[in-house]
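Below you'll find the structure, written out as structure tokens, and then a few comments.
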Amino acid sequence: MTVRKRQHRPREIADIGFAPAVGTPAGIEIISLADLRERAAVHMGEERLQAPQRPAFHHLITLSSGSLWHTVDFTGYALESGSWLWIRPGQVQQWGDLDDAEGTLVLFEGDFLDPTTAAAARIDDPHAPALQVPSPEDRHALEMALDHLTLEFQALRGITLETHVAVLRHLLTVLVLRLAQRTAPVGSPAPDPGETFLHFRDAVERDFTRTRRLEDYARTLGYSPRTLSRAALVGAGVGAKEFIDQRVVLEAKRLLAHGNQSAARVAAQLGFTSASNFSKYFHQRTGQSPIAFRVAVRGRSSEDGGSEAPAARRPGR
């Protein structure tokens, strides 16, 4: 994992590009958290590691001992031994203090897996839960899958690189399919969201930068606004209009955290007619101006290592 540093912009977020160590297969890397601490100390500095990042590849983090606070899309998660955190490309993450955590970090690009596996594991699902707490039986199976994958990654002897990559791809397939199919998100199981909500959710993901009007989605999907609101309440626990607004605000936060674009530029990317309309919209839903949010989310990482967040998810809660 490399960090491309930019000059003269010390507050701008590091762009994290995938670049595994020399001599290892392209598309995947497996390192211990101890190695990550060492790399950070040599190449980045602890403060730089804990600043907001928006990687273009997948992170799978699991702990063997200790605890770790990690923020994904501005929600804090407390990892403990046996839990897993899956950060997907495009999400904004912030590392917490790594001193008390031991475990493994699996990095991989989405196209390292074959398309069938990628679809079955829903690796590009923007709504998939970040934190996973497996049952004791699933935890043992995941540990075995990770151990086998790690052993194969570290051992390139007696086989060709092509065979080595093929074996790694198959072993990673086992791991991600188990994570996607055999583990449960934190909290009580969610009710079946229903086909209407899934159609609505997909439409919002596709069109939220084009329209924020519930009536437009109802017209496109052929439902009444009331039907979509009932479906959203069952599927997401909020009304349909609030669901739309939450998606817009999340993307606004990602854009604000990830760069130094002006509020006007962010507003344009999200389909607002003016920066003032965007600022008013953002303030009404977050209690902060866009620039105040940017300052707060970056200042938090440098002041306290990201140890506080507006929301938190802990295993078993």
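A compact table of results
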{"quantity": "Sequence-distant residues sharing a close amide H with D97 (under 5 Å, placed H)", "calculated": "W69"}
{"quantity": "Residue-count net charge about V266 - beta-carbon cut-off 12 Å; Lys, Arg +1, Asp, Glu -1", "calculated": "+3"}
{"quantity": "In Hz, Karplus ³J(HN,Hα) per residue of segment 209-217 (6.51, -1.76, 1.60; θ = phi - 60°; x = Gly, Pro)", "calculated": "7, 9, 8, 10, 8, 4, 4, 5, 5"}
{"quantity": "Cα gyration tensor shape for segment 119-175, rounded if a/c is under 1.5, else prolate or oblate", "calculated": "oblate"}
{"quantity": "Net charge over other residues, Cβ less than 13 angstrom from the Cβ of R247 (K, R count +1; D, E count -1)", "calculated": "+1"}
{"quantity": "For F282, net neighbour charge (Lys/Arg +1, Asp/Glu -1) across residues whose Cβ lies under 13 Å away", "calculated": "+4"}
{"quantity": "Charged-residue dipole, Cβ positions (Lys, Arg, Asp, Glu), segment 195-286 about Cα centre, Debye nearest 20", "calculated": "200"}
{"quantity": "Hz values of 3J(HN,Hα) by residue in segment 194-199 - Karplus curve (6.51, -1.76, 1.60), Gly and Pro given as x", "calculated": "x, 5, 4, 5, 4, 5"}
{"quantity": "Hz values of 3J(HN,Hα) by residue in segment 244-253 - Karplus curve (6.51, -1.76, 1.60), Gly and Pro given as x", "calculated": "4, 4, 4, 5, 5, 5, 4, 5, 4, 4"}
{"quantity": "Listed peptides 85-94, 203-212 by packing density, highest first (mean Cβ within 10 Å)", "calculated": "85-94, 203-212"}
{"quantity": "Distant-in-sequence amide H partners of Y223 (H built 1.01 Å from N, under 5 Å)", "calculated": "none"}
{"quantity": "Difference of contour (0.36 nm per residue) and Cα-Cα distance, R226 to D202", "calculated": "6.9 nm"}
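Each reported figure results from applying straightforward, stated rules to the coordinates on display, with no laboratory input. The structure presented is a predicted model; accordingly, all values stated were derived computationally and were not measured. When we count neighbours, we look across all protein chains shown, and the Cβ atoms used for this are built from the backbone with ideal geometry, even at glycine.
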